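Below: one structure, written as structure tokens.
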Amino acid sequence: MLITGIRSKPIYAPLQPDLGGRYHLMVGYGVGAAPLSRLLGDFDRAMPESKAHTRIWYVADAAAPQANTEAFRAANIAELRSFNAIDPMLSDLTAAMDQALMGTRLYVAGPESFMGLVMRIAHGFNLAQDEVRAEECGTLARRVHCIHCRETIENVRTNIVQCGCSRWLVVRDHYSRRLAAYMGVMIDAEAPGERPEIKEVFL
Amino acid sequence: MNVALKKMDQVYRGEYTFTNSPAAVRRFPLPFPEDRYMYSVNIEPHVAGPAGSVIEFPIDCDEHYVEECYERALVIKRDPLRIQALPHMMSAQWDTLELGMQSLSQSYPHWFTLTRQGRGWHWINRPLGLDQHFTFGDPASLPQPPLEYITRQLQGDWVIMDQRDNDLWVEGGMVTGPADWSMDFDMGMSFKEWHGPVPLGHEMGVFDRALKFLLNLRLNEPVRRYNWTMTVNANLDSSPHNYDEWGPDRSTVTLENVAKKLHLRTELQGLWRLPRSNGIVFMVRTYMLSLADVATVPKWARRVHRVLRDLHPALVDYKGLTRHRPIAVQYLSQFDDGSPTTSGTAPE
Amino acid sequence: MSASHADTIPVRVVAVEQITPQIKHFRFAPIAGGELPAFSGGSHIIVVMRGAQRVYRNPYSLMSSPNELDSYQISVLRVEPSRGGSTFMHEQVQVGTELEIAHPVNLFGLAKLARKHLLLAGGIGITPFMAQLHDLRLTEVPFELHYATRSPQHGAYCELIAQAEPQRARLYHDSAQRFIDIEELLSRQPLGTHVYVCGPAGMITRVLDTARALGWPESHVHYEKFAAPPTGEAFDVHLQKSGIDLHVLPDQSLLEAIEAAGVDAPYLCRGGVCGFCRAEVLSVDGELVHNDHYLSNDEKASGKAIMPCVSRARCSKLVLNL
């Protein structure tokens, strides 16, 4: 079966201002602060008046430096909110999107697993592809959905991982936005015990 | 139909008592019109084919009808997530129910009867012993939601898709006999996303063209195409979910048992535009034929030998044939004297 | 015209009503009895009208309820100057007239994932929305209909709509100087709203432009489109190998004309994607009109190949190697 080179794997791009949008909501986690700062700078040059309709929500990651949030404060935008954990931010995001208007643009920056959770919420509000922009940065560690027991394994850095159900899974590039996870399939079903070398590939 | 008194739960699993009668062998849809195989957009109008063929009627019911429905019920009991539909797909569910009931009652009036008085419908399914009055459009009047209700009485897997944003989205279905794909995992994917794991097709532009064609699919003008793979044992439910159950069988094929164990598996795929939802329903109707039965038709034996022997490596891998292809080729080579085969899929 | 493909439904006109000086309402029932095909709101049908000189094929939105299939209802605006279709409907179609209609096609469907639907209608553009109102009432999704006409006298079904949807429909009349404030409307809609516009070209353009300026993504802005019939200009064809000359009519595909001439040309999908019907072009005294999705841009430009199932030519003589 195809493991890599699968077209359901999301493709990300550096964040760029969408000057056609009216309201800009920027969401970042950990090292995602850097792309958001860069984005703010781009907006400032291209359309300074957008500040009044720009909001940034930032979730700190204990491992990432805090310095970039100063750049957020200095940008003088309409709202800056800081969170210590992802879940409370996601919950507030849902409430905010319920009140948001057409013309809103969502910008997301951070590791892929964080972005998958944000995108899932955006999908619930029927956001179109060109209303959301996502830039991947930081760890490539994956959320993996065990296709057998249907549990999610967080933070997978290796090509092969053992699930809580004790099966050894190969991590494929086949990605589900609904589950915000990659498919993990048993690697040694046909020849039990025969497994390729485990390598750290999603660093 | 004559339904032999056999243990229904051993046909497609366990003892694998599945067999094809001689008539079923001859009507098997060979998926190879020529001696080599590669992907193509082999879509054609789904119009009536020769009497007795699998395409005589829009939805084919064959001698395996009852046991296949029984097998479906077994799979769902073990894994209820094999039947799903997202909330916005209810009108597509009703569309599919209507398609199934109208088709079966028109094609096989001695087995199925549908009478309608306005929204009051009366459905009789004699092979399965069902007699159901219900209100079309009212889910509470059926024992299961409409898609589940009708597909429990249809052979083949059924997927319903929404059309929006110039794309098709898989957002419901009954999938209990897949060739190694998971509807649960693929729920919500676009056309190219759920075909993501298929090698070569994207580079060849096959999916671009297929999508463009399907976006323009019209009411009353269904289309069909054929796909294929191979299965060890008559194992219909070869899904990723239970891969640890059927996967090991791939390593058990030997020259002694390949004729009986290895099955050629054809998918007759049908696609209909749905009237009320404007979506599309996708039927994957599966037919299995053991290599032993293939070998009883000289033209097919030569052709299948050549197709397997010369198959592109990426397809060998994608279709899961790596372990047993050499054995199959070796077995079939005894029937191939090199003489030409006629084009087309008929037994001759 | 090949028979198996694109069958039409014979219908009889069972009611005709003059709604406004320019608009006539028609109701069709199937000649064979029973029900007409189910459809989704926003669908249109092609009505085939056989005039003395020529055949008209005009698309009209279905305005009847998708839940009542004993008949279809359409409304026709008399267009001046007319290519003939609407004039034919107004002057030659009466109760009892028999016509053919194609199966419904929907290129203006409601978005199933919308969190709100905003319907904007101008004049005769109200028709697809009238069918969609029936679908919308079955969902829990909020919607609004804004309907603008020249005056209450020119507006079809204004009273009907006002009575049926006192909360969710608003009427505007140019005569009373009440116009839809498109900018105001589009600037205050919640995320996930879809806007649908059907009306005069100018109105559609205004809505599209305003939506874009206010940051609406294209996927959330819908405007009424009709399926283009496979027509073009007539042209002549010479089949080199068969030695046959044939004429392709405006409403007939090249493949159909070849088949009608008794030539067994290969085909599969009949939709321009599979490549089976590919024919070699030997010469053309004009230009090829490629409507397929199979040939590469280079192949199309080379002028050496054509897909007869969907493509045509603008010329007096096309020579194929068939």
Phi to ³J(HN,Hα) by Karplus 6.51 cos²θ - 1.76 cosθ + 1.60 over segment B:263-270, Hz, x for Gly, Pro: 10, 7, 10, 9, 10, 8, 9, x
Charged-residue dipole, Cβ positions (Lys, Arg, Asp, Glu), segment C:235-320 about Cα centre, Debye nearest 20: 120
Estimated 222 nm signal from helices in chain C, with DSSP H stretches of n ≥ 4 weighted -39500 (n - 2.57), rounded to 500: -5000 deg cm²/dmol
Percent antiparallel among DSSP beta bridges (both partners in the protein assembly as shown, rounded to 5): 70
Point-charge dipole on Cβ atoms (K/R +1, D/E -1) for segment C:151-245, about Cα centre, debye to 20: 300
Test item: B:43-50 mean partner chain Cβ contacts at 10 Å: 3
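Mind checking the mean number of beta-carbon atoms from other chains within 10 Å of the Cβ atoms in A:96-104?
Average per residue, whole number: 6.
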Average partner coverage of B:187-197, which counts Cβ from other chains inside 10 Å: 5
Overall Cα dimensions of chain C, principal axis frame, Å, largest first: 68, 49, 36
Lone cysteines, chain A (no partner Cβ under 4.7 Å): A:137
Which of C:30, C:124, C:8, positive extreme of dipole for segment C:1-156 (C-beta unit charges): C:124
Cα-based helix-to-principal-axis angle, C:126-137 vs chain C, degrees rounded to 10: 70
For chain B, calculated [θ]222 nm from helices alone, where every DSSP H run of n ≥ 4 adds -39500 (n - 2.57): -7500 deg cm²/dmol
With Cα atoms, 0 to 90° folded angle of helix A:112-124 axis to chain A main axis: 70
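Greater than 25 Å separation of Cα atoms is the criterion. Which listed pairs, A:9/B:212; C:241/C:304; A:9/A:51; B:319/C:300; B:77/C:112; B:212/C:24, meet it?
A:9/A:51; B:319/C:300; B:77/C:112; B:212/C:24
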Residue among A:145, A:158, A:176 farthest towards the positive dipole end of segment A:142-186, charges placed on Cβ: A:176
Using θ = phi - 60° and Karplus 6.51 cos²θ - 1.76 cosθ + 1.60, couplings along segment B:146-158 (whole Hz; Gly, Pro as x): x, 5, 5, 4, 6, 6, 5, 10, 10, 7, x, 8, 9
Counting DSSP beta bridges with both ends in chain C, the antiparallel % (nearest 5): 65
Residue-by-residue Karplus 3J(HN,Hα) for segment A:43-53, coefficients 6.51, -1.76, 1.60, Hz, glycine and proline x: 5, 4, 6, 7, 8, x, 5, 5, 3, 5, 10
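What does the net charge come to around residue B:296 if you take all other residues with beta carbon closer than 14 Å to its beta carbon, with K and R at +1 and D and E at -1?
Neighbour charge sum, excluding residue B:296 itself: +4.
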Summed side-chain charge close to residue B:224 - residues other than residue B:224 whose Cβ falls under 15 Å, Lys, Arg +1, Asp, Glu -1: -1
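Read the figures in this text as sums done on the coordinates, not as results from a lab. Quick caveat: nothing in here was measured; it's all calculated off a predicted structure. Note: ideal-geometry Cβ built from the backbone for every residue, glycine included; neighbour counts use all protein chains shown.
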